[in-house]
Structure formats: structure tokens, C-alpha cells
Amino acid sequence: NGEFLSNKIRKFPDGFQFGASTSAYQIEGGWYEDGKGLSIWDIATHTDPSQIKDKSTGDVAADSYHLYKRDVEIAKELGLDFYRFSVSWPRILPKGFSEQINQAGIDYYNNLIDELLKNNIKPFLTMYHWDLPYELQKLGGWVNPYIIDWFVDYAKVLYDNFGDRVKLWTTINEPKQICYEGYGSTLKAPMLNVTGVAEYICAKNVLLAHAKAYHLYDEHYRKIQNGTIGISISCTWFEPASDTVDDHQAAIDARQFDWGQYAHPIFSKAGDFPLELKRNIALKSAEQGYPRSRLPELSASEICLIRGSSDFFGVNSYTTKLTYRDASLEGMYAVPSYMDDMAAVIISNPAWPQAQSTWLQEVPWGFHKILKEIMKLYDNPPVYITENGWSTSGGLLDEDRIRYYRNYLNVLLDAIEEGCDVRKFTAWTLIDNFEWKNGYTEKFGLYEVDFSSEKHNRTPRKSAYIYKEIIRTRTLDPTYEPEKFSV
Ligand code: GBH
């Protein structure tokens, strides 16, 4: 893997679209400006800076709150068909509730959207990319079922203010990362760490919030606004570490815990949480003496509401892991916990090319398997790749990022030829940004940002020229060398 078998030039299908993605907290800055309320990331970075690798914050980040015109110019330079950005909930609704709308926040996104349209770039709006209003966290955040209503109220404000011009929507970015990383561990804000319990309550609430926001659009806005709305789910490929039946089952369980937990209720014919998930958690909960499963049930009407509530499957995919089962390792994880419920041991293969992020390795065939599995499990839904990308420690000459994108796009083209309905590809990310608990130590940008200067200058990396040429020609030419970088 990881090598081109030929130097053949391959063409993308007509209508295939390219974009790049960012998220509000990671690029905007302006953390306490013009009436914005605080988010859980403002609180996390300010109350305990030692949680962030370089003790940094997103207070200024790439300063896109002030430099959004330059961001749009970059999108234009790249020739993007669309730009996927997220809205900061507390910038629009400082207290989280829709009784008080911050006009300066509305203005900011209006300006961004208008600037994009002026340059013929479609705005692709993500409603929630992890920066929950702190006021709602005080009430429990995603484990309080009232958040379903609060999220729908927020969605309504977005449809009312931006829906005349925004025709592409994602409700939620990466439910598993919100729930498991934020509530079942300390990997993401609010770092609640109520393992084996909170992540499952969160999962149910996120699914219902998404579904209700979807139906609000579907029933009250779609006719007039005529857009497309879905959800983005982070999908890692888990490959059995050996050919044993046990390791195969471990890999299936890992996939069901990682993305089936969210995809199955929305995209499968039957709806509801996957069987493996319900069975594993119910069994463990009983063994542990809980009076009921720690995974909350979905009622028949909830199953119905969630099933089919997405016009497309938004896939955020980066990497692959190996998975095995080992009874002697029982007890290696906290009890109860998500990891213990899954009962799969997850490792990486040191032979695979390694990015700056510890979790990220280049495994194009795993990306191919994800696309094929989604086609098989969920009856070939329209797929938008809403994130895919590679991290380095910095520098403009990013040959490894170029190789990664080319190899992933190459198998994406294979998948399309094999019948997968993949319609869009989105690079993560447009510009370097605040990489959550890793601060500014991992660079995912097609453009470098100079964080050492107040100007936050943006400079294209070599990969930006390669991506630009892919978009301009609508082809993948593995031998193309941009003039600017050729010696
Ligand atoms: C994206 O999530 C985020 O949406 C984006 O904000 C972020 O900047 C970008 O990634 C880069 O990190 O394979 O079991 O070790 C990616 C989420 C994080 C999911 C790492 C998989 C590894 C889990 N991914 N995680 S494992």
C-alpha cells in the first residue's frame, strides 16, 4: 500500500465537488469580542492551561474573526467549489438559549457567507463543532435531554438567518468525539470522564437533537430554501489483527462502537443502535450489577424519528487501526467504560507511514474499506467526505501530505468505480489551527499560518498547489509538479 501502481491520470466524475474544512473554535479567535458568550473550550483552556500540550488557547487562533476575507481569498486561490466552516453557538447565542441573539455574531457569519458567494464558493455550514455554550454545560450539556430542544432552537436561528444563502448543512460534527471524548474520557472538553455512562446518554441526545433539527428543516424550510442537510461522522477503519474469528468479531465491535453507534440508527433500514452495541453493553451492565443497561433505550418513535434523518452520510476519515481480542487482558480498562464494553484491543502497525499526530497513519486501503462498508451496510447512501487530512510539524515542503492526499483520492476513485456514491471531498484543513489538546503543535493546513506574528500571515504549502491543480483539472495526476516548487 501507499504506493501508486501506475502514473495513470485519473478523472473525477462530472459534478464531483472539492472543498476544504475548518471549525470555529480552531480558527476564529475573537473569543471575548462583540458580545460572544463563553464556550466549554474557552473554559477548558483558561481554567487549566496544562491540559493543552503547549499551554495555548484558541483566544486568537488564526484570527479568522478578523481575517475571514483572507480565508475566502485562499479558498478562491485554491478554486474550491465549497468551504465547510462551523458556527460558534455562543457567538450567536451567548447564553445558549435563543431568547437573546447576538447581532454582531449574525453579522460575522453573514459577511463570511456573502464574501464566499461573491467569489462563487458555496458555503457549507456545520452547526456544531464542539464549542458548546458554557451556560448550557452548567446544565449538563449533552447529557441533559433538554439539549435536544435547545439545539433545535439554535438550528432555527441559523435557518432563519442564513438559510436563504446556505444550501449545504451539517448538524453535528463527529458525535462520537463529542460523547466519548468529551463525556466518557478527558480527551475533549468538557472532560467529564464519567466513563461507561455519560457517553451513552450523550449519544442518545445527540442523535435526537440531530434528527429533530433535520426534521425542522425538512418540514418547514426545505420547500423554500431547497438545501441539503446531514451529519458528519468520524469513521476509523478497524482491521482484524489476525484471521481468527475472535479478532474479526473484535474489529466489527470496534467499528460498531466507533461509528455504527451513530450511523446505524440514522442510515440502516432497521434503525436503532447496532445489535453488537446493545448486546455488549447490556451483558456487561448486568454482570456489573446495574439494574438496567447503561446504554439508554431508544423508543419505537425515537427510532423512527432518527432513521433516515440525513440527506447524505458525511464521512470524516483519516486512519486505520488493528484490532484483536484477548481474554487475558480483561480488566485492562476502567470498569465500567466504553473501552471495556467494546472489549477490543486497538493497536497500530508501526510499518504504516506516521503523521505528526500520534493517532494518524497513512493507510489508503483502510479508507477504501470504509467506503465499501458504508455502501454495503447502508444501501449506498450519498457520501460526502467532509474531512480528510494529514498533520506535520510544519514547513512549506509537505511531500508526505501530498502523498497522503494522492493515495486517498486514488482509492476514492476506485470506490467510485466500484459503485460507491461519493460526491464530495473536503480537505482538513484550509489553514493551520488550534488542534484541541495538542494546541499548535500539529499542522494540518494546506496553508501555513504564522502564529508568531500578530498578522497571522497565511502562506500556501506545496500541497496547496497540488490540490489546486487537482481541482482545476478535475483529475489526479500523480506526476504533476508545481512550477513554484520544482528545482
Ligand atoms: C477531526 O477529528 C476533527 O473534526 C477536527 O476538529 C480535528 O482538527 C481533526 O480531526 C484533526 O485531528 O484511532 O482509536 O486512536 C478527527 C477525530 C481523532 C478520530 C483521533 C480518531 C483517533 C482514535 N479523530 N481519533 S483511535
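Unpaired Cys in the chain, meaning no second Cys C-beta under 4.7 Å: CYS235, CYS304, CYS420.
Rolling a 1.4 Å probe across the protein heavy atoms gives the stretch 385-443 an accessible surface of 25 Å² per residue.
If you take all other residues with their beta carbon under 11 Å from the beta carbon of GLU448, and give Lys and Arg +1 and Asp and Glu -1, the sum is +1. Treating each Cα of the stretch 230-280 as one equal point scatterer and applying the Debye formula with no solvent, the log10 of I(q)/I(0) at q = 0.12, 0.15 Å⁻¹ comes out as -0.27, -0.42.
With the helix formula -39500 (n - 2.57) applied to DSSP H stretches of n ≥ 4, the chain reaches a computed 222 nm mean residue ellipticity of -11000 deg cm²/dmol. Panel note: the C-alpha atoms of the stretch 30-104, placed on their principal axes, show extents of 40, 37, 17 Å (largest first). The overall shape of the chain, judged from the alpha-carbon gyration tensor, is rounded, with an a/c ratio under 1.5.
Computed with a 1.4 Å probe over protein heavy atoms only, the accessible area of ILE224 comes to about 140 Å².
With both residues required to sit in the chain, DSSP beta bridges show an antiparallel share near 25%. Solvent-accessible area assigned to carbon and sulfur over the stretch 117-244 amounts to 50 percent, based on a 1.4 Å probe.
Projected label points at THR358 and LEU283, each 7 Å from Cα along the beta carbon direction, are separated by 3.0 nanometres.
Working note: Karplus 6.51/-1.76/1.60 with θ = phi - 60° gives the stretch 8-16 the couplings 4, 7, 10, 9, 7, x, 4, x, 5 Hz, where Gly and Pro are set to x. From the alpha carbon centroid of the stretch 34-95 to that of the stretch 416-483 is 18 Å. Excluding ligands, DNA and RNA, the accessible surface per residue across the stretch 132-253 is 34 Å² with a 1.4 Å probe. With the charge dipole of the stretch 293-374 set up from +1 on Lys and Arg Cβ and -1 on Asp and Glu Cβ about the Cα centre, the Cα lying farthest toward the positive end among the listed residues MET339, PRO353, SER309 is that of PRO353. Placing +1 on the Cβ of every Lys and Arg and -1 on the Cβ of every Asp and Glu, with nothing else charged, gives the chain a dipole about its Cα centre of roughly 740 debye.
What length, rounded to one decimal in nm, is gained on full extension from GLN51 through to TYR32, with 0.36 nm per residue of separation minus their alpha-carbon distance? That works out to 4.8 nm of additional length.
Summed over the residues of the stretch 1-68 and divided among them, the accessible surface reaches 46 Å² per residue at a probe radius of 1.4 Å.
Amide H contacts of LEU168: LEU125, THR228, each under 5 Å away and 5 or more positions distant or on a separate chain (H built 1.01 Å from N in the peptide plane; Pro and chain starts excluded).
Once the chain from LYS118 to LYS223 is taken as fully extended at 0.36 nm per residue, the excess over their C-alpha distance is 35.4 nm.
Under the convention that each Lys and Arg Cβ holds +1 and each Asp and Glu Cβ holds -1, the size of the dipole of the stretch 406-487 around its Cα centre is about 260 debye. The amide H of ALA20, built 1.01 Å from its N in the peptide plane, has PHE82, ARG84, ALA427 as neighbours under 5 Å, considering only residues 5 or more places off or on other chains. If the segment from GLN249 to ASP421 were pulled out straight at 0.36 nm per residue, it would be longer than the present Cα-Cα gap by 59.2 nm. For the stretch 382-398, backbone phi angles converted through the Karplus equation (6.51, -1.76, 1.60; θ = phi - 60°) give residue-by-residue couplings of x, 10, 10, 6, 8, 7, 6, x, 9, 10, 10, 8, x, x, 8, 8, 10 Hz, Gly and Pro being listed as x.
The label point for THR186 and the one for ASN438, both projected 7 Å from the Cα toward the Cβ, are 2.0 nm apart.
If you take all other residues with their beta carbon under 15 Å from the beta carbon of GLN356, and give Lys and Arg +1 and Asp and Glu -1, the sum is -3. For the stretch 299-451, with all protein chains in place and a probe radius of 1.4 Å, 53% of the accessible heavy-atom surface sits on carbon or sulfur.
Of the listed residues GLU454, GLU448, GLU28, the order by accessible area with a 1.4 Å probe, largest first, is GLU454, GLU448, GLU28.
Taking the charge dipole of the stretch 82-212 about its Cα centre, with +1 at Lys and Arg Cβ atoms and -1 at Asp and Glu Cβ atoms, the residue from ASN205, SER98, GLY140 reaching farthest to the positive side is ASN205.
Amide H contacts of LEU132: ILE40, TRP41, each under 5 Å away and 5 or more positions distant or on a separate chain (H built 1.01 Å from N in the peptide plane; Pro and chain starts excluded).
Please report the spacing between the Cα centers of the stretch 331-393 and the stretch 231-290 in Å, no decimals. So the two Cα centres are separated by 13 Å. Each residue was assigned an accessible area with a 1.4 Å probe, and for HIS248 the value is about 80 Å². Sequence-ordered 3J(HN,Hα) estimates for the stretch 138-153 from the Karplus curve with 6.51, -1.76 and 1.60 and θ = phi - 60° stand at 4, 8, x, x, 6, 9, 8, x, 5, 4, 4, 5, 4, 5, 5, 4 Hz, glycine and proline given as x.
Of all beta bridges that DSSP places with both ends in the stretch 311-450, some 40 percent have antiparallel geometry.
The values are calculated or read from the model by the stated rules, or taken from the named source; none is laboratory data. Bear in mind that the values here come from a model prediction, so they are computed numbers and not experimental data. Counting neighbours? That spans all protein chains shown, and the Cβs are built from the backbone with ideal geometry, glycine included. Side chains included, ligands, DNA and RNA excluded: accessible areas come from the protein's heavy atoms. Shrake-Rupley method; radii C 1.70, N 1.55, O 1.52, S 1.80 Å.
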